[in-house]
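A short worksheet on the structure shown next.
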């Protein structure tokens, strides 16, 4: 007799362990996020462990939960799809597609567990186990640890997505710089910002900002529009004027006038021909 379970029993046991770990990780994530919920799926972990070491009672429990799960998913999924295609409660896109995929995968897993555990050869394997193989125990722990790492990473990503979504804002702001001394518009204008990139190789992410130059009799203007999760820092530049920083955020007005200070130029004192001006020495 092999000390390791048959291949398909290994898969069934690994699925049960992973489902149990997913339930536990989900409850912990909900507790940390302030939305705790109870999930009976945690029983999958001891059931999966029992299947891997050849425990007959675990096989019976797995058949029970797989049958209940298949009936629930088939009933709930069938009613949901019927309601959707008959004009009732229509599933929105893309959430509806994700829900359908999850239900189909869950149903396939439940049916697979039932088929494997009800096979005659696999029933005989459970009946022939006299001691728990150490290799199967190690495999169960490997599945549990690997599932925990992957699922915690998934929940961390979901938290990041939720936080990012909560902080997203859109804006469209027209910036009109002018000479702070006489109030006249500027004839040349440029800007600098780390948040704005026109490179096609830039990684997808926020902020995404577009810029348009607007020229007129009153001088140059800039229109900034886009989506961001944090304030966008921009430095306005114009020849003969000091660089002026501005901040664009969710509270910015649709139109902003920005006073820019001319650069002060100091004329040097005139000395002799070709000689720099010097201060006379005290006698």
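The values are calculated or read from the model by the stated rules, or taken from the named source; none is laboratory data. Everything numeric here is computed off the predicted structure, so don't read it as measured data. Cβ: placed from backbone, ideal geometry, glycine included. Neighbour counts: every protein chain shown.
Which condition from (1) farther than 22 Å from residue 154 by Cα; (2) outside any helix (DSSP H, G or I) is the one that residue 58 breaks?
(2)
What are the residue pairs meeting all of these: first residue in segment 132-150, first residue farther than 12 Å from residue 13 by Cα, second residue in a helix (DSSP H, G or I), Cβ atoms under 6 Å, and 6 or more apart or on different chains?
147/18; 147/21; 148/21
Listed residues 13, 20; which is modelled with pLDDT of 90 or more and under 25 Å from the mean Cα position of the chain (by Cα)? Give the derivation first.
Values: 13 fails: under 25 Å from the mean Cα position of the chain (by Cα).
The conditions single out 20.
So how many residues does segment 48-83 have that are surrounded by fewer than 17 Cβ atoms within 10 Å (Cβ to Cβ), farther than 20 Å from residue 5 by Cβ and in contact with a helix residue (DSSP H, G or I) (Cβ under 7 Å, 6 or more places away or on another chain)?
Of the residues in that region, 2 qualify.
Any idea which of (1) touching a helix residue (DSSP H, G or I) at 6+ places or on another chain (Cβ under 8 Å); (2) modelled with pLDDT of 90 or more; (3) not assigned by TED's automatic domain parsing to the domain that holds residue 45 is the one residue 244 doesn't satisfy?
(1)
Scanning for something out of contact with any strand residue (DSSP E or B) (no Cβ under 7 Å at 6 or more places or on another chain), surrounded by 11 or more Cβ atoms within 10 Å (Cβ to Cβ), more than 30 Å from residue 264 (Cβ to Cβ) and modelled with pLDDT of 85 or more, does segment 188-206 turn up at least one residue?
The answer is no, given that none of the residues of segment 188-206 is out of contact with any strand residue (DSSP E or B) (no Cβ under 7 Å at 6 or more places or on another chain), surrounded by 11 or more Cβ atoms within 10 Å (Cβ to Cβ), more than 30 Å from residue 264 (Cβ to Cβ) and modelled with pLDDT of 85 or more.
Mind telling me which of the residues 281, 239 ends up being at pLDDT 90 or above, farther than 30 Å from residue 160 by Cα and not in a strand (DSSP E or B)? Please lay out each step first, then the result.
Working: 281 fails: at pLDDT 90 or above.
Matching residue, one of 281, 239: 239.
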